[in-house]
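The values are calculated or read from the model by the stated rules, or taken from the named source; none is laboratory data. Please read all numbers here as calculations on a predicted model, not as lab measurements. Ligands, DNA and RNA are excluded from the accessible area calculation, which covers all protein heavy atoms including side chains. Shrake-Rupley method; radii C 1.70, N 1.55, O 1.52, S 1.80 Å.
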Amino acid sequence: MKVKIVEDYAEMSRDAAEVVAAMVRQKPNAILGLATGSTPLGMYQKLVQLHREEGLDFSRVITFNLDEYYGLAPDHPASYHYYMWENLFRHINIRPENIHIPDGTAADVEKECKNYEARIRKAGYIDLQVLGIGANGHIGFNEPGTDFGSETHLIELTETTIQANARFFASEKDVPRQALSMGIKSIMRSRHILLLASGEAKAEAVAAAVEGPVTQMVPASILQLHPDVTFIVDQAAAQYLTGSFDVLLQNEKNAEYDKANR
Ligand code: F6R
(Lines give C-alpha, C1' and ligand atoms only; values in the text may rest on other atoms or scores of the structure.)
Protein backbone atom coordinates (compact mmCIF):
# COMPACT_ATOMS: atom_id res chain seq x y z
CA MET A 1 0.00 0.00 0.00
CA LYS A 2 1.38 3.39 -0.95
CA VAL A 3 0.34 6.56 0.80
CA LYS A 4 0.91 9.93 -0.78
CA ILE A 5 0.31 12.89 1.48
CA VAL A 6 -0.46 16.13 -0.32
CA GLU A 7 -1.10 19.65 0.85
CA ASP A 8 -4.81 20.03 0.27
CA TYR A 9 -7.94 19.08 -1.66
CA ALA A 10 -6.79 20.87 -4.83
CA GLU A 11 -3.52 18.95 -4.97
CA MET A 12 -5.27 15.65 -4.20
CA SER A 13 -7.69 16.30 -7.07
CA ARG A 14 -4.93 17.21 -9.55
CA ASP A 15 -2.85 14.17 -8.63
CA ALA A 16 -5.83 11.83 -8.81
CA ALA A 17 -6.83 13.15 -12.24
CA GLU A 18 -3.27 12.58 -13.44
CA VAL A 19 -3.39 8.94 -12.30
CA VAL A 20 -6.68 8.40 -14.16
CA ALA A 21 -5.45 10.27 -17.24
CA ALA A 22 -2.23 8.25 -17.32
CA MET A 23 -4.29 5.04 -17.28
CA VAL A 24 -6.50 6.28 -20.13
CA ARG A 25 -3.50 7.39 -22.23
CA GLN A 26 -1.72 4.11 -21.67
CA LYS A 27 -4.83 1.99 -22.24
CA PRO A 28 -7.45 3.88 -24.28
CA ASN A 29 -10.03 1.15 -23.64
CA ALA A 30 -9.36 1.15 -19.89
CA ILE A 31 -12.08 -0.03 -17.53
CA LEU A 32 -12.49 2.55 -14.80
CA GLY A 33 -14.30 2.04 -11.51
CA LEU A 34 -15.79 5.33 -10.35
CA ALA A 35 -17.00 6.80 -7.07
CA THR A 36 -19.41 9.62 -6.28
CA GLY A 37 -19.67 11.89 -3.22
CA SER A 38 -17.80 15.11 -2.51
CA THR A 39 -14.28 13.72 -2.63
CA PRO A 40 -13.84 13.03 -6.37
CA LEU A 41 -15.60 16.21 -7.59
CA GLY A 42 -12.32 18.11 -8.05
CA MET A 43 -10.80 15.12 -9.85
CA TYR A 44 -13.74 15.01 -12.27
CA GLN A 45 -13.41 18.76 -12.93
CA LYS A 46 -9.75 18.28 -13.74
CA LEU A 47 -10.51 15.33 -16.04
CA VAL A 48 -13.06 17.44 -17.91
CA GLN A 49 -10.38 20.12 -18.27
CA LEU A 50 -7.86 17.57 -19.58
CA HIS A 51 -10.45 16.40 -22.10
CA ARG A 52 -11.22 19.94 -23.29
CA GLU A 53 -7.73 21.35 -23.30
CA GLU A 54 -5.55 18.37 -24.08
CA GLY A 55 -7.98 16.11 -25.89
CA LEU A 56 -7.93 13.32 -23.29
CA ASP A 57 -9.96 10.74 -25.16
CA PHE A 58 -12.69 8.76 -23.39
CA SER A 59 -14.26 7.34 -26.55
CA ARG A 60 -13.19 3.77 -25.77
CA VAL A 61 -13.19 4.00 -21.98
CA ILE A 62 -15.62 1.78 -20.07
CA THR A 63 -16.87 2.75 -16.62
CA PHE A 64 -18.48 0.95 -13.72
CA ASN A 65 -19.78 2.97 -10.79
CA LEU A 66 -19.50 1.62 -7.29
CA ASP A 67 -23.03 2.16 -6.13
CA GLU A 68 -26.50 3.65 -6.40
CA TYR A 69 -29.28 4.37 -3.92
CA TYR A 70 -32.06 1.82 -3.93
CA GLY A 71 -35.32 3.37 -5.07
CA LEU A 72 -33.89 6.44 -6.82
CA ALA A 73 -34.57 6.82 -10.53
CA PRO A 74 -31.68 7.93 -12.74
CA ASP A 75 -33.19 11.41 -13.15
CA HIS A 76 -33.50 12.00 -9.39
CA PRO A 77 -31.07 14.85 -8.62
CA ALA A 78 -29.57 12.94 -5.66
CA SER A 79 -29.09 9.71 -7.63
CA TYR A 80 -25.59 8.68 -8.55
CA HIS A 81 -26.66 8.41 -12.20
CA TYR A 82 -27.55 12.08 -12.13
CA TYR A 83 -24.34 12.99 -10.29
CA MET A 84 -22.15 11.17 -12.81
CA TRP A 85 -23.81 12.74 -15.84
CA GLU A 86 -23.72 16.23 -14.29
CA ASN A 87 -20.15 16.06 -13.06
CA LEU A 88 -18.39 14.01 -15.70
CA PHE A 89 -20.15 12.10 -18.45
CA ARG A 90 -21.94 14.94 -20.23
CA HIS A 91 -18.69 16.91 -20.46
CA ILE A 92 -16.54 14.20 -22.06
CA ASN A 93 -16.72 11.97 -25.13
CA ILE A 94 -17.63 8.73 -23.36
CA ARG A 95 -20.14 6.48 -25.14
CA PRO A 96 -23.37 6.01 -23.14
CA GLU A 97 -23.26 2.27 -23.85
CA ASN A 98 -19.88 2.09 -22.10
CA ILE A 99 -21.28 3.50 -18.84
CA HIS A 100 -22.45 1.13 -16.12
CA ILE A 101 -24.20 2.16 -12.89
CA PRO A 102 -26.33 -0.18 -10.78
CA ASP A 103 -30.04 0.34 -11.44
CA GLY A 104 -31.64 1.62 -8.25
CA THR A 105 -35.12 1.03 -9.66
CA ALA A 106 -34.65 -2.61 -10.66
CA ALA A 107 -37.74 -4.65 -9.72
CA ASP A 108 -35.60 -7.70 -9.03
CA VAL A 109 -32.68 -6.33 -7.01
CA GLU A 110 -30.93 -9.63 -6.56
CA LYS A 111 -30.95 -10.21 -10.31
CA GLU A 112 -29.66 -6.67 -10.94
CA CYS A 113 -26.77 -7.27 -8.50
CA LYS A 114 -25.85 -10.57 -10.17
CA ASN A 115 -26.08 -9.00 -13.62
CA TYR A 116 -23.92 -6.08 -12.55
CA GLU A 117 -21.23 -8.38 -11.25
CA ALA A 118 -21.46 -10.44 -14.46
CA ARG A 119 -21.01 -7.31 -16.57
CA ILE A 120 -17.83 -6.40 -14.66
CA ARG A 121 -16.53 -9.93 -15.14
CA LYS A 122 -17.43 -9.99 -18.85
CA ALA A 123 -15.68 -6.66 -19.40
CA GLY A 124 -12.52 -8.23 -17.94
CA TYR A 125 -12.58 -6.61 -14.47
CA ILE A 126 -11.64 -3.09 -13.51
CA ASP A 127 -8.24 -1.66 -14.42
CA LEU A 128 -8.35 1.30 -12.06
CA GLN A 129 -10.84 1.66 -9.24
CA VAL A 130 -11.23 5.11 -7.67
CA LEU A 131 -12.54 5.07 -4.09
CA GLY A 132 -13.52 7.57 -1.45
CA ILE A 133 -13.79 6.50 2.18
CA GLY A 134 -16.57 6.96 4.69
CA ALA A 135 -15.85 8.38 8.15
CA ASN A 136 -16.73 4.86 9.36
CA GLY A 137 -14.22 3.26 6.99
CA HIS A 138 -16.72 2.18 4.35
CA ILE A 139 -15.72 1.78 0.70
CA GLY A 140 -18.48 1.82 -1.88
CA PHE A 141 -21.49 1.44 0.39
CA ASN A 142 -19.91 -1.50 2.17
CA GLU A 143 -20.57 -0.57 5.75
CA PRO A 144 -18.60 -1.94 8.74
CA GLY A 145 -19.29 -5.64 9.14
CA THR A 146 -19.73 -6.31 5.39
CA ASP A 147 -18.31 -9.67 4.40
CA PHE A 148 -14.91 -9.38 2.75
CA GLY A 149 -16.13 -12.01 0.27
CA SER A 150 -19.10 -9.91 -0.88
CA GLU A 151 -19.94 -9.15 -4.50
CA THR A 152 -22.48 -6.58 -5.73
CA HIS A 153 -25.31 -6.57 -3.21
CA LEU A 154 -28.13 -4.65 -1.58
CA ILE A 155 -27.03 -3.03 1.66
CA GLU A 156 -28.62 -1.22 4.58
CA LEU A 157 -27.03 2.18 5.12
CA THR A 158 -25.87 2.92 8.65
CA GLU A 159 -27.12 5.92 10.59
CA THR A 160 -23.70 7.66 10.21
CA THR A 161 -23.83 7.32 6.44
CA ILE A 162 -27.44 8.51 6.26
CA GLN A 163 -26.50 11.58 8.30
CA ALA A 164 -23.34 12.21 6.27
CA ASN A 165 -25.29 12.05 2.99
CA ALA A 166 -28.33 14.03 4.16
CA ARG A 167 -26.69 17.15 2.71
CA PHE A 168 -27.64 15.99 -0.79
CA PHE A 169 -31.33 15.64 0.12
CA ALA A 170 -34.08 18.03 1.28
CA SER A 171 -34.00 16.37 4.69
CA GLU A 172 -32.48 13.38 6.44
CA LYS A 173 -35.71 11.41 6.17
CA ASP A 174 -35.48 11.59 2.36
CA VAL A 175 -32.17 9.69 2.28
CA PRO A 176 -32.84 6.15 1.03
CA ARG A 177 -32.10 3.52 3.66
CA GLN A 178 -30.69 1.01 1.19
CA ALA A 179 -28.28 1.02 -1.72
CA LEU A 180 -26.83 -1.31 -4.33
CA SER A 181 -23.09 -1.51 -4.04
CA MET A 182 -20.21 -3.38 -5.54
CA GLY A 183 -18.93 -5.71 -2.82
CA ILE A 184 -15.54 -5.84 -1.17
CA LYS A 185 -14.50 -8.73 -3.36
CA SER A 186 -15.65 -6.91 -6.51
CA ILE A 187 -13.44 -3.97 -5.50
CA MET A 188 -10.47 -6.16 -4.57
CA ARG A 189 -10.49 -7.75 -8.05
CA SER A 190 -9.50 -4.39 -9.60
CA ARG A 191 -5.96 -4.30 -10.92
CA HIS A 192 -5.13 -0.89 -9.44
CA ILE A 193 -6.91 0.97 -6.65
CA LEU A 194 -6.74 4.68 -5.91
CA LEU A 195 -8.31 5.87 -2.66
CA LEU A 196 -8.81 9.60 -2.05
CA ALA A 197 -9.43 11.27 1.27
CA SER A 198 -9.59 14.90 2.24
CA GLY A 199 -10.36 16.69 5.48
CA GLU A 200 -10.21 16.04 9.17
CA ALA A 201 -13.48 14.07 9.20
CA LYS A 202 -11.68 11.27 7.35
CA ALA A 203 -8.52 11.23 9.48
CA GLU A 204 -9.55 8.42 11.85
CA ALA A 205 -10.83 6.22 9.04
CA VAL A 206 -7.61 6.75 7.04
CA ALA A 207 -5.42 5.83 10.03
CA ALA A 208 -7.52 2.74 10.78
CA ALA A 209 -7.43 1.68 7.11
CA VAL A 210 -3.69 2.18 6.65
CA GLU A 211 -2.23 1.29 10.04
CA GLY A 212 -4.92 -0.61 11.90
CA PRO A 213 -5.67 -4.31 11.86
CA VAL A 214 -7.36 -5.79 8.81
CA THR A 215 -10.92 -6.17 10.04
CA GLN A 216 -14.41 -6.26 8.56
CA MET A 217 -15.27 -3.50 11.04
CA VAL A 218 -13.09 -1.17 8.93
CA PRO A 219 -13.92 -2.22 5.37
CA ALA A 220 -11.09 -0.13 3.83
CA SER A 221 -8.50 -2.02 5.91
CA ILE A 222 -8.78 -4.92 3.45
CA LEU A 223 -6.90 -2.73 0.97
CA GLN A 224 -3.71 -3.49 2.94
CA LEU A 225 -3.88 -6.92 1.31
CA HIS A 226 -4.24 -5.67 -2.27
CA PRO A 227 -1.01 -5.67 -4.29
CA ASP A 228 -1.53 -2.26 -5.97
CA VAL A 229 -3.20 0.39 -3.85
CA THR A 230 -2.36 4.07 -3.60
CA PHE A 231 -3.95 6.41 -1.09
CA ILE A 232 -3.76 10.12 -1.91
CA VAL A 233 -4.68 11.99 1.25
CA ASP A 234 -4.39 15.62 2.18
CA GLN A 235 -2.68 16.73 5.36
CA ALA A 236 -5.89 17.07 7.35
CA ALA A 237 -6.93 13.50 6.49
CA ALA A 238 -3.41 12.21 7.19
CA GLN A 239 -3.09 13.74 10.63
CA TYR A 240 -3.46 10.52 12.64
CA LEU A 241 -1.03 8.48 10.59
CA THR A 242 1.88 7.68 12.82
CA GLY A 243 4.35 6.39 10.23
CA SER A 244 7.04 8.77 8.97
CA PHE A 245 5.35 9.18 5.61
CA ASP A 246 6.72 11.76 3.30
CA VAL A 247 5.98 11.07 -0.32
CA LEU A 248 5.19 7.44 -1.02
CA LEU A 249 5.50 4.83 1.65
CA GLN A 250 5.57 1.10 1.12
CA ASN A 251 3.44 -0.35 3.87
CA GLU A 252 5.16 -3.19 5.67
CA LYS A 253 2.11 -5.42 5.70
CA ASN A 254 1.91 -5.08 1.95
CA ALA A 255 5.55 -6.02 1.57
CA GLU A 256 4.89 -9.11 3.67
CA TYR A 257 1.86 -9.96 1.56
CA ASP A 258 3.86 -9.51 -1.65
CA LYS A 259 6.58 -11.75 -0.30
CA ALA A 260 4.14 -14.44 0.73
CA ASN A 261 2.45 -14.38 -2.67
CA ARG A 262 5.48 -14.15 -4.91
C1 F6R B 1 -19.56 6.89 -3.30
C2 F6R B 1 -19.05 5.91 -2.36
C3 F6R B 1 -18.75 6.24 -0.93
C4 F6R B 1 -18.04 7.57 -0.77
C5 F6R B 1 -17.81 7.87 0.72
C6 F6R B 1 -17.17 9.22 0.92
O7 F6R B 1 -19.76 6.30 -4.58
O8 F6R B 1 -18.86 4.80 -2.76
O9 F6R B 1 -17.98 5.21 -0.37
O10 F6R B 1 -16.83 7.54 -1.45
O11 F6R B 1 -19.02 7.83 1.40
O12 F6R B 1 -18.07 10.21 0.54
P13 F6R B 1 -17.63 11.74 0.41
O14 F6R B 1 -16.64 11.79 -0.69
O15 F6R B 1 -18.90 12.47 0.05
O16 F6R B 1 -17.07 12.13 1.72
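One decimal place: the segment residue 214-residue 60 gains 51.8 nm when fully extended, by the rule 0.36 nm per residue minus the C-alpha distance. Note on residue 46: aspartates and glutamates with a C-alpha under 18 Å away, same-chain residues under 8 apart excluded, are 7, 8, 11, 15, 18, 54, 57, 86, 234. Over the chain, DSSP H runs of length four or greater, each weighted -39,500 (n - 2.57), average out per residue to a 222 nm ellipticity of -10000 deg cm²/dmol.
Using a 1.4 Å probe on the protein chains only, how many percent of the accessible area of the chain belongs to carbon and sulfur? Present the calculation step by step, with values, prior to reporting the outcome.
Details: 5830 of 11700 Å².
The value for the chain is 50 percent carbon and sulfur by accessible area.
Can you tell me the accessible area per residue over the range 1-111, all protein chains present, probe 1.4 angstrom, in square angstrom?
44
DSSP finds beta bridges in the chain, and of those with both partners inside it, around 35 percent are antiparallel. Rolling a 1.4 angstrom probe over the protein heavy atoms with all chains in place gives the range 113-220 an accessible area of 40 Å² per residue.
Among the listed pairs 2/185; 2/27; 122/202; 111/202, those whose Cα-Cα separation exceeds 29 Å are 122/202; 111/202.
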